[in-house]
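Worksheet for the structure shown next.
The values are calculated or read from the model by the stated rules, or taken from the named source; none is laboratory data. Quick caveat: nothing in here was measured; it's all calculated off a predicted structure. Heads up, the Cβs are rebuilt from the backbone with ideal geometry, glycines too, and the neighbour counts pull from every protein chain shown. For accessibility, only protein heavy atoms count, side chains too; no ligands or nucleic acids. Shrake-Rupley method; radii C 1.70, N 1.55, O 1.52, S 1.80 Å.
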Amino acid sequence: MGIGDDPAHVHARVVAVRDAHRAHLRELFDAGTLVMSGPWTADDGALLIYDAPSMDAARDADYPLARPMN
């Protein structure tokens, strides 16, 4: 999702992948990669805190919201 995306489209995308997103976060948490996470109060994003050896390693996580949406 990029800056300037239509908020309704962004919300629809989040809702469409929410279950996969939560499952992915659980896997990262169980593996010790994700330390903590939680949504913004407006439900328009979240804070994710990783324990990774580098910024590149944190960015390289296979993340459901980063995948193209049909």
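Values for this structure:
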| quantity | calculated |
| --- | --- |
| Pairs where the first residue, in the range 43-61, is closer than 25 Å to His11 by Cβ and open to solvent by less than 70 Å² (accessible area, probe 1.4 Å) and the second is modelled with pLDDT under 80 and assigned to a strand (DSSP E or B), C-beta under 8 Å, 6+ apart | none |
| Hits in the range 11-31 (condition: surrounded by fewer than 10 Cβ atoms within 10 Å (Cβ to Cβ) and not hydrophobic (A, V, I, L, M, F, W, C)) | Asp30 |
| Tally of residues being at negative phi, at pLDDT 85 or above and in a loop (DSSP other than H, G, I, E, B) across the range 6-40 | 2 |
